[in-house]
Amino acid sequence: MRGPFPTGYGVPPSRRTDDLGRPIASGLNLSHEHVDKIDQSHERCVALGVSRIERPDLSPMGRSDLTVVRERNLRLHDHAAPVMEMLYEQIINTDSMVVLTDATGTILHSIGDDEFLGRAAKVALAPGANWSETAKGTNAVGTALVSETPTLVHADEHYLHANHFLTCSAAPILDPRGNILGVLDVSGEQRSYHQHTMALVKMSARMIENHWLTDDYRNVMRLHFHSRVEFIGTLMEGILAIGADGKIVGANRGALEQLGLSGAALRMHSLTTLFGTTVGALVDRFRSPLATPMPVQLNGGRQFHIHARFNWPVWTSLAEAVSAAPQATGEARADALAPADAGAKAAAPRNDRASSGLGQLRTGDAQIDSVVDKIRRVLDRDIPVLILGETGTGKELLARAIHVDSVRSKQPFVAVNCASIPDSLIEAELFGYEDGAFTGARRKGAVGKIVQANGGTLFLDEIGDMPVGLQAHLLRVLQERQVTPLGSSKSVAVDVSIICATHRNLREMIEAKQFREDLFYRLNGLAVRLPALRERSDLMALVRRILDRENPNRRLQLAADVVRLFEHYHWPGNVRQLFNVLRTASVMAASEAVITREHLSDDFLEDAQARLPAQAAASVASPVQGPGHAGSPAAARGATGAAAAPQAAIGEASRAAAPPRPGTRSLEELEIDAIRQAVDDAGGNISVAAKRLGVSRNTIYRKLRWNVPR
């Protein structure tokens, strides 16, 4: 034993063992760390002279003093209260309660089962009471404050005999600099102990910490990261707050755990020394709605995926300054986001919105350019936008880009997929509900998506799947700009910009009485159609952009037969499918510089080969390298804005083609000659030639490639 225990105090429960020397306290599976923590706490209580058997002072502080303490910790309460409600829903009817204390151990707020709250009040487990070790001996709250770690204290592990009926799981709440803000605790009747309670408490404390960090650094870049990309956006992710100079100014608990650093050690680092990148590079990459998490590697070899979030208007000037200055970094620069037509880029002066959300969508396709131009004309005019197009064409990306460019960009963007929510729940999801509005409803009710979007943008995806009965309710909300939650008689005023999307033909649905005509005309302020990927002329530009962003530290190319396969494939899954195919291929390619057919998934290859026309299939199977092979100019055309090189190359190919055959010429030969002449007249500029001929750039590439002498 570490020290003698005075007579009458007894041996700490964690020291009790059976005949084989195994701990038997409380019937729990105890780790050595837990045993040591309880032992050390009991020894502190002995040193403090805390009595285990004398009745402690159970009188809480006065009402006025409690009010002062609560006002001092108002921000902590505001962040914690909704999380406490969610936590309580998980333990309801288990003779338990949820407790929030400040950094001294004084209880600020508690919720729980009524019967247990009465029992807890008898030992002063109620607002106003102090549960530090000095006041209440060994207990989860007080011991967590001392150890600064999550703490379980069960049954007779409590120092005071009066508290032996309790089982308590507590976790400290830390601010982004590692200082203790308070403690979140679940206390209950010891018979209600469950091993998962501590996990719920730790997750809830982490949620409060993440909310606090986001609130603290609202106008600072926040870097979300994890070693597994699918964990980004979950409670398991690490979050770093990054200053404009690249210094790390704050971190959540997940960041410290993943990096294996203390808060003080982490603040000695910068973005460059830790992840090998810069603020400017991250602003360039992540101001686009198309941005995906970026892989990085620490000096020790550990790999992470990072995603930066920041208030775009606040960081725009910084991004422009960084983009203008040369930097020694492997990151893709701002020119990787410019239009594919180099001539147009040189001719057009850069305006304030050239690199904005909508500007990022320009990759050289005339149809996309037309959509962007139309939307710019109605931006901030309170005109609803209806986005039409097949699944996977990027309708939500366009909606987010509209929001980023609007005056509402600092306000929420709330997306609702009307097809993914059961008909029985979509009304509650949209409009919210009061406590007891329906069976299964959460205590205290819930705020609907429309109210959540107040001041910002509400995106209703797959609006064609909304139940007809709900359409009338939505129409009334849009006309009156007021929402009445289910079960409530009070209306809430809302101001939202509406963007809707669907892959359905709403006019046909109106004829079939499946969609309200009055709602259609209310939503159809400006209707724009996103073309399917097979209809776009910027396929290789999108390929280049996706490859660059998935592989920032290497320049991947497509093999010649893969280029031909991509250009002849009809892409039923559109941009979403293209992204998934390239992402998988990038991983399969490992350290190789060229993506070949061997790096593509079997199901994609089978589907692509089955759908190719005979002539195209022969072209794809041919080992002869054409303009699209890896390392050639055609493979490099795309989002970098360097389209002039492949255009000139194809112009040269057209001029080097075989001379016209004597005699009667076929219609196809006349067509090829017309295309060659147009390309020659345009000086090899495929975009200009395509506009003059009224065809897509892909059509010109395809026609000329098939007719270049081999």
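Laboratory data are not the source of any read-out in this text; all were calculated from the coordinates shown. Owing to the predicted nature of the structure, the values given are computational and were not obtained by experimental measurement. No Cβ is skipped: glycine too gets one built from the backbone with ideal geometry, and neighbour counts run over all protein chains shown.
Could you check the simple spin-label distance between residue 597 and residue 53, using points 7 Å along Cα→Cβ, in nm with one decimal?
8.7
What is the dipole size for the range 366-529, taken about its Cα centre, with +1 at each Lys and Arg Cβ and -1 at each Asp and Glu Cβ, in debye to the nearest 20?
With only Lys, Arg, Asp and Glu charged at Cβ, the dipole is about 360 debye.
Assuming R0 = 60 Å, can you tell me the calculated FRET efficiency for the pair residue 114 and residue 555, based on Cβ-Cβ distance, to the nearest 0.05?
My answer for the efficiency is 0.35.
Mind checking which of 542, 523, 585 is farthest towards the positive end of the range 515-600's charge dipole, using Cβ charges of +1 (Lys, Arg) and -1 (Asp, Glu) about the Cα centre?
Most positive-ward Cα: 523.
Please compute the modelled spin-label separation between residue 373 and residue 407, points set 7 Å along Cα→Cβ, answer in nm with one decimal.
2.6
Simple spin-label model, 7 Å along Cα-to-Cβ: residue 122 to residue 262 in nm?
Here the modelled spin labels are 4.5 nm apart.
What is the pair-distance distribution P(r) of the range 366-529, computed from all Cα-Cα distances in 10 Å bins starting at 0, with each bin given as a whole percent?
Histogramming the range 366-529 at 10 Å steps yields 10, 40, 36, 13, 2, 0 percent.
Need the full-extension length gain, residue 588 to residue 78, defined as separation in residues times 0.36 nm minus the C-alpha distance. One decimal, nm.
178.9 nm
For each pair in 37/122; 374/449; 122/490; 247/395; 122/202, compute the distance between the two Cα atoms and list the pairs where it is over 31 Å.
With Cα atoms farther than 31 Å apart: 122/490; 247/395.
Farthest toward the dipole's positive end in the range 60-99, which of 88, 73, 99, given Cβ charges of +1 (Lys, Arg) and -1 (Asp, Glu) about the Cα centre?
So the residue furthest toward the plus end is 73.
Using R₀ = 56 Å, calculate the FRET efficiency as 1/(1 + (r/R₀)^6) where r is the Cβ-Cβ separation of residue 195 and residue 692; round to 0.05.
0.20
Which residues' amide hydrogens lie under 5 Å from the amide hydrogen of residue 181, considering only partners 5 or more residues apart or on another chain, with H built in the peptide plane?
It is 173, 174, 175, by chain and number.
In the neighborhood of residue 431, defined by Cβ-to-Cβ distances under 11 Å, what is the net charge if each Lys or Arg adds +1 and each Asp or Glu adds -1?
-1
Return the FRET efficiency for the residue pair residue 671, residue 470: r is the Cβ-Cβ distance, R0 is 51 Å, and the value is rounded to the nearest 0.05.
Calculated value: 0.50.
Please state the charge dipole magnitude for the range 141-221, taken about the Cα centre, from unit charges on C-beta atoms (+1 on K and R, -1 on D and E), reported in debye and rounded to the nearest 20.
160
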